[in-house]
1. Kindly provide the set of residues from segment 95-108 that are surrounded by 21 or more Cβ atoms within 10 Å (Cβ to Cβ) and not in a strand (DSSP E or B), ordered by number.
2. Considering each residue of segment 185-226, count those that are of a type in the set (Gly, Ala, Ser), within 24 Å of SER143 (Cβ to Cβ) and within 18 Å of the chain's Cα centre (by Cα), and give that number.
3. Considering each residue of segment 154-199, count those that are of a type in the set (D, E, K, R), assigned to a helix (DSSP H, G or I) and either touching a residue at least 40 places away in the same chain (Cβ under 8 Å) or out of contact with any Gly (no Cβ under 6 Å at 6 or more places or on another chain) (or both), and give that number.
4. Looking at segment 69-94, I want the residues that are assigned to a strand (DSSP E or B) and have a partner that is of a type in the set (A, V, I, L, M, F, W, C) with Cβ atoms under 9 Å, at least 6 apart or on another chain. Which pairs are those?
5. Scan segment 239-247 and tell me whether some residue there is within 19 Å of SER293 (Cα to Cα), outside any helix (DSSP H, G or I) and among the small types (Gly, Ala, Ser).
6. Consider LYS114 against the criteria (1) under 27 Å from GLY184 (Cα atoms); (2) touching a Leu at 6+ places or on another chain (Cβ under 7 Å); (3) modelled with pLDDT of 95 or more; (4) not in a strand (DSSP E or B): it satisfies all of them except one. Which criterion is unmet?
7. Let me spell it out: the conditions are (1) of a type in the set (D, E, K, R); (2) free of Cβ contacts under 8 Å to residues at least 24 places away in the same chain; (3) touching an Asp or Glu at 6+ places or on another chain (Cβ under 8 Å), and LYS205 meets all of them except one. Which number is the exception?
Amino acid sequence: MVDLSVKIGDLSLRNPVMTASGTFGYGTEFEDFVNFSRMGGIIVKGTTIRHREGNAYPRLAEVPSGMLNAVGLQNKGVDYFCENIYPTVKNYDTNVIVNVSGASIEDYVATAEKINDLEGIPAIELNISCPNVKQGGMAFGTSCSAAAEVVKAVRKAYNKTLIVKLSPNVTDIAEIARAVEAEGADSVSLINTIMGMAINAETRKPVLSTVTGGLSGPCVKPVALRMVWQVSKAVNIPIVGLGGIMNATDAIEFFLAGATAIEIGTANFIDPSVTMKVVDGIEDYLKRHNYESIKQIIGKLEL
């Protein structure tokens, strides 16, 4: 047996495979497809202080080697999560992490405080990088000062593991990573979706109601790998890598680039059991290359 365990701050993962927020619902939708005890963790859909309807339809579009989404953080709010979802997911035999978003610093703090009180939630992923909302979201993740300000405020209110999700829609993502590390982030996750758009040539209209949306899937992997590698050279906290991971080989590439753990997103829509296959594939890779631990390949890209 090889050792697949890793740590993100104070958070211990039995293996480095997690699911990306927005692609796995609350986990309840996938109970028939996965064994939670074989996963490092699940990150539930974006949660805000109040109920959000999200954006108007259409808000999903398939594009070459990927998809665009403009869902807009549709959710029933943090109180609904605490009262109706938490009683179920707290019993899952894995780490359940809540993705927290907001339109203002006060919103982020208030949501984080409510999650902090839930004993069965060991971490949050602070989403300062969503490109599909008109207020907040990505605005906090594209400026060092704004990113630092929101992380500093949440850090004061939240005492468990704090993962900060970074936007790729910036000039220098390493600079943003250093800023949130300085304000107390235990980890950074990257990348969130890349801004894109699709046009219907026949109607001469945008495909999405919002015109632009977040691009994900295999097409973004080269960008994600590059950014993970850059950030790994800039910070001392663990990195959670995501963006176009469809199989175990993709995951291995992220570990080599410097990620301690990974998240699988769009691939869940294609194969609901993909996380199980990736865990098996990582273990097989380590055995074939005579490694005893996943830690032996993290950041071991040979230049």
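1. Looking only at segment 95-108, we keep the residues that are surrounded by 21 or more Cβ atoms within 10 Å (Cβ to Cβ), and these are 95-102, 108.
Of everything in segment 95-108, those that are surrounded by 21 or more Cβ atoms within 10 Å (Cβ to Cβ) and not in a strand (DSSP E or B) turn out to be SER101, GLY102, TYR108.
2. In the first step, residues of segment 185-226 are kept if they are of a type in the set (Gly, Ala, Ser); the result is 185, 187, 189, 196, 198, 201, 209, 213-214, 216-217, 224.
Now narrow it down to the ones that are within 24 Å of SER143 (Cβ to Cβ): 185, 187, 189, 196, 213-214, 216, 224.
Filter once more, keeping what is within 18 Å of the chain's Cα centre (by Cα): 185, 187, 189, 213-214, 216, 224.
Of the residues in segment 185-226, 7 are of a type in the set (Gly, Ala, Ser), within 24 Å of SER143 (Cβ to Cβ) and within 18 Å of the chain's Cα centre (by Cα).
3. Going through segment 154-199, the residues of a type in the set (D, E, K, R) turn out to be 155-156, 160, 165, 172, 175, 178, 181, 183, 186.
Then drop every residue that is not assigned to a helix (DSSP H, G or I), which leaves 155-156, 175, 178, 181.
Now drop any that are not either touching a residue at least 40 places away in the same chain (Cβ under 8 Å) or out of contact with any Gly (no Cβ under 6 Å at 6 or more places or on another chain) (or both), which leaves 156, 175, 178, 181.
Counting residues in segment 154-199 that are of a type in the set (D, E, K, R), assigned to a helix (DSSP H, G or I) and either touching a residue at least 40 places away in the same chain (Cβ under 8 Å) or out of contact with any Gly (no Cβ under 6 Å at 6 or more places or on another chain) (or both) gives 4.
4. ASN69/LEU60; ASN69/ALA61; ASN69/LEU208; ASN69/LEU215; ASN75/PHE81
5. yes
6. (2)
7. (3)
To keep it simple, each residue is scored yes or no on (1) within 23 Å of GLY41 (Cβ to Cβ); (2) buried (at least 24 other Cβ atoms within 10 Å of the Cβ).
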| site | (1), (2) |
| --- | --- |
| ASN159 | yes, no |
| LYS165 | yes, yes |
| ASP172 | no, no |
| ASN192 | yes, yes |
| SER216 | yes, yes |
| PHE255 | yes, yes |
| GLY265 | yes, yes |
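The values are calculated or read from the model by the stated rules, or taken from the named source; none is laboratory data. For clarity, every value in this text was computed on a predicted model and none was experimentally measured. Glycine also receives a Cβ, built like all others from the backbone with ideal geometry; neighbour counts cover every protein chain displayed.
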